[in-house]
C-alpha cells in the first residue's frame, strides 16, 4: 500500500481527535456524575427521566396534600373530642336537673354551667385550621356558628364537602362528605337543644330539661360516629402516605439508575482513555515530521 | 557513427528532461497539503533514434507528457459520499440547536413548569380561599406561559437561521457552478492546444466535490467539460452556469425557457438537504409544542369558565383571549390583576371553601387529553423530547458513520493521488543525479571538442 503524506496526517489527526473526544466525554461523565449530559446521549432514557420526575413530583404533591389533610383532621378530631365531652357533661347535667334534686341553688349553678357549656361548644364549632373554619363547609371564611343574647343560634356554614386529592383522580373527603356534626337528626342545631336546657333551667321547667336528655345522648353518639368515620379517613391518609413514600423511593432509585453514571466505571473509563490518548500522542510525535529528508545529507 | 554534436544534443535533452522531472517533483512537494491535488508524473520516452552505422543511435530522451495520478471512479464515489456527509453535517448542527431547546436533562425545563402549574392548582384546592395560593398559581402560570413563549421563539429563531444558512449555501452553489463553468472553458482551450490541464482538472474535481457536499447535484463528464444538473435542471451546461435561488420554501433556477421551480422536497442531500430536513423537524416540534399549549389552554379555559371566583365571577377564561399556541399563550390579565377571580369553586359551591373546580383542573394533569385522547400532557411532551433527542442522536451517529466512510474513501484517493514526501525525495535525488550525469556528459563532449580543435 502506498502511503501518502495526507493519509498519514489525516489518520493521525482523526485518531487524536477521536481519542480526545472520548476523553472529554469521560471527564464530563465523571464531573457531572450523570450518564446523560445531552438528551441525544440516550433518547429513550431522556424520555423515561421525564416520566420518573413527573411521578416523583406528583407523589410529593400528594404527600403534601395528605400532610395538610392529616393536620386538619387532627385538629378536627381534637375539637370534636372536646365537643363530645361537653355534650356528655350537658347530658349528665340535664339528667341530674330533671330528677328530684331540683332546688334553686343547684339549679342556678347548673344554669351557669349550661351557659358555659353552650359557649364552649360554640367556640369549638368555630375552630379553625389555618384561616379556614373547620365546620363551615365551603363557607370557610367566617365563623359558622353565632348566637344572640337570648342564646338563639344561627348557623351560617353550609354542607360543602371539603376534599383533597390523594392520587390521580382520587380524592377523599375531610369532613365526612359535608356532614355537620352540630346538626340534630331533625334538622335543629345542637345549640337549640342546649338553649332548651338553659331555658328550662332558667324558667324552672324540669320537663323541658328532661326532654333534652335523649337528644343530647343522640348528639354524643353522632359525634362519636363522625369521629369514628374521620379516624378511618385519617388511617387511609396515613396508609396512602406510606404507600406514596415507598413509590417515591422506588421512582427515585429508578431515576438515579437511569440518569446517574456508574462512578467506578466512569473512573476506569477515564484512566483507559487517558492512556489511549497519551499513546496516540506519543505515536504521533514519533511519526509526524519524519521523512527521508532527515536522512539525506 | 554519430557526431560529437549529436552527443551534445543528447546531453541537452537529458538536462532539459531531468529539469522537467525536478520541476514536477517540486510542484508535487509544493502541493503536498493542497486539497484535491493529484500528484503528477512525467512520462519519459527515449528520443527519436538516428540512422547510423553500425545501427540506429539513440537520440536522447524526451518528456512526452505530465500526467496526474487519478482514479475517476473513486472521484464519483467521493462526490456521492460528500452529498451524504454534507446532509448529515448540516442536519446534525440544526438538530443540536433544537435539542438544546428541548433539553430536559437538567431539572428546569418545560416539564418542571408544567408540574408546578398543575401542583399549584392542587395547592389551591387545599386552601381555595388562600391569597398566597392564588398568587402562587398566577406566578406559576405566568412562568409556564413564558417558558412556552421562549421555546416557541427559540425554535422559530433556529428556523430562520436555517433559512439564512440555506440562502448562503445556495450562493455557494452558484459561486462554485460559475467557477466550474469557467474551468470548463479553460480546460477545453488547453486541450485544444494539446496541453494536459492537470491542475485545472484537479481544481474542477475539487469544486464538483464541494458542490456535491452542498446539494444532490449530478455531474457528468462529456469530453473536456463537466455538466452539472440538479433535479433534472442544468446548473452548469458546458461553459454556462445557471443561477439557483432560494425562494422560501422552494427553489427556482434559471433555464433557457425562463425560471423553473425546484421543490424543496427534491433537494434530499448535501448541506441544503440537511438544513431542509432540520427545518422540517423543527416545524414538526413547533407544531407539537403548539398542540400541547393549545390543549392546556382549551381544557383549562373550559373548566375555569364553568367555575366561580371568590367574587362569584364566572364564565371567565383562565388564559387570555387570543391564547391559541405556544407563541402567544398568556394568563388572562383580569386574573393577573385580581387573583380572587380564579374560579376554584364549582358553579354550585359556596365560596371561599368550594374547591371542586380547582381540583378538577389540577386533575387534568392525569387525563389522556392529547394525541387523540391517548396521552397525558406530560407524556405527550415526554414523547416530543424523546423524538427530538432521537433525531439528534440519529443525525450525530449518521454523521460519524459517514465521516468514517468519507475518510476511508479519501484514504483510497490519497493512496493513488496523494503526494508522498519520501517518494518525491527519492525522485528528486534520482533526477538530480541524472542531471549531474548529463552535465558531466556535456563537459566531457566539450573536452573532446577542445582536443579536436587543438590538434595539429
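None of the figures in this text is laboratory data; all of them are computed from the coordinates on show. Source: prediction; values computed, not measured. Ideal geometry is used to build each Cβ from the backbone, glycine not excepted, and the neighbour counts take in all protein chains shown.
Students often get this wrong: which residues of the stretch A:180-217 have the backbone nitrogen under 14 Å from the point 7 angstrom along Cα-to-C-beta of residue A:88? Within reach of a label on residue A:88, which here means backbone N under 14 Å from a point 7 Å along Cα→Cβ, the stretch A:180-217 contributes A:217.
At the listed q of 0.17, 0.18 Å⁻¹, the Debye profile of the stretch B:58-127, built from one uniform point per Cα, gives log10 I(q)/I(0) equal to -0.85, -0.88.
Take the Cα of residue B:62, step 7 Å toward its Cβ, do the same at residue B:238, and the gap between the two points is 3.4 nm. Computed over the stretch A:51-254, the P(r) curve from all C-alpha pair distances, binned at 5 Å from the origin, holds 1, 7, 15, 17, 15, 11, 9, 7, 6, 4, 3, 2, 1, 1, 0, 0 percent per bin. Between 0 and 90 degrees, the angle of helix B:131-192 with respect to the longest Cα principal axis of chain B falls at about 20 degrees. The relative contact order of the stretch A:1-125, computed from alpha carbon pairs under 8 Å that lie at least 6 residues apart in sequence, is 19 percent. FRET efficiency for residue A:290 and residue B:408, Cβ-Cβ distance as r, R0 = 30 Å, nearest 0.05? Efficiency, rounded to the nearest 0.05: 0.75.
How large is log10 I(q)/I(0) at q = 0.07, 0.11, 0.12 Å⁻¹ when the Debye formula is applied to the Cα atoms of chain B, each weighted equally and without solvent? Log10 I(q)/I(0), no solvent term: -0.60, -0.94, -1.01.
Taking every residue in A:60-73 and counting other chain Cβ atoms within 10 Å of its Cβ, the average works out to 2. Counting Cβ atoms of other protein chains within 10 Å of each Cβ in A:134-140 and taking the mean gives 5. Ranked by the mean number of other Cβ atoms within 10 Å of their residues, highest first, the peptides B:39-47, B:323-331 fall in the order B:323-331, B:39-47.
Other protein chain C-beta atoms within 10 Å of residue C-beta, averaged over B:352-363: 5. Considering only alpha-carbon pairs that sit under 8 angstrom and 6 or more positions apart, the relative contact order computed for chain B is 24 percent. The packing ranking, built from the mean of other Cβ atoms within 10 Å per residue, places the peptides B:428-435, B:144-151, B:384-391, B:274-281 in the order B:274-281, B:384-391, B:144-151, B:428-435, highest first. Here the stretch A:1-141 is described by how far its Cα atoms reach on the three principal axes: 129, 26, 20 Å, from widest to narrowest.
Cβ crowding within 10 Å, taken as a proxy for footprinting-reagent exposure, orders B:225, B:419 from fewest neighbours to most as B:225, B:419.
Sorted fewest first by neighbouring Cβ atoms within 10 angstrom, B:207, B:452, B:8 come out as B:452, B:8, B:207. Per residue, the convex hull spanned by the Cα atoms of the protein assembly as shown measures out at 202 cubic angstrom. Helix A:43-98 axis versus longest C-alpha principal axis of chain A: approximately 10°, rounded to the nearest ten. Here B:209, B:87 are placed in order of increasing Cβ neighbour count within 10 Å, fewest first, which gives B:209, B:87. Note on residue A:78 and residue A:116: their simple-model spin labels are 2.2 nm apart, each label 7 Å out from Cα toward Cβ. Computing Rg and the Kirkwood Rh from the Cα coordinates of the stretch B:168-269 gives a ratio, Rg/Rh, of 1.00.
Note on the stretch A:199-297: percent of Cα-Cα distances in each 10 Å bin, starting at 0 and stopping at the bin with the largest distance, equals 11, 13, 12, 11, 10, 9, 8, 7, 6, 5, 4, 3, 2, 1. Computed from the C-beta positions of residue B:368 and residue B:261, the FRET efficiency with R₀ = 51 Å rounds to 0.75. Grouping the Cα pair distances of the stretch B:199-340 into 10 Å bins from zero gives a pair-distance distribution of 10, 26, 17, 12, 12, 12, 8, 3, 1 percent in increasing distance order. In units of the compact-protein estimate 2.2 N^0.38 Å, the stretch B:1-123 shows a Cα radius of gyration of 2.50. The stretch A:1-74 and the stretch B:122-145 have Cα centres lying 33 Å from one another.
Please determine, in degrees from 0 to 90 and to the nearest 10, the orientation of helix A:206-259 with respect to the longest principal axis defined by the Cα atoms of chain A, where the helix direction is its Cα long axis. Once rounded, one gets 0 degrees. Averaging Cα coordinates gives a centre for the stretch A:154-187 and one for the stretch B:43-92; these two points are 96 Å apart. Using the Cβ-Cβ distance between residue B:12 and residue B:291 with R0 = 60 Å, the FRET efficiency computed as 1/(1 + (r/R0)^6) comes to roughly 0.10. Were the residues from residue B:268 through residue B:189 laid out at 0.36 nm apart, the gain over their Cα-Cα distance would be 24.9 nm.
Based on C-alpha pairs under 8 angstrom that are at least 6 apart in sequence, the stretch A:51-254 has a relative contact order of 29 percent.
Between the C-alpha center of the stretch B:383-456 and that of the stretch B:226-293 there is a gap of 38 Å.
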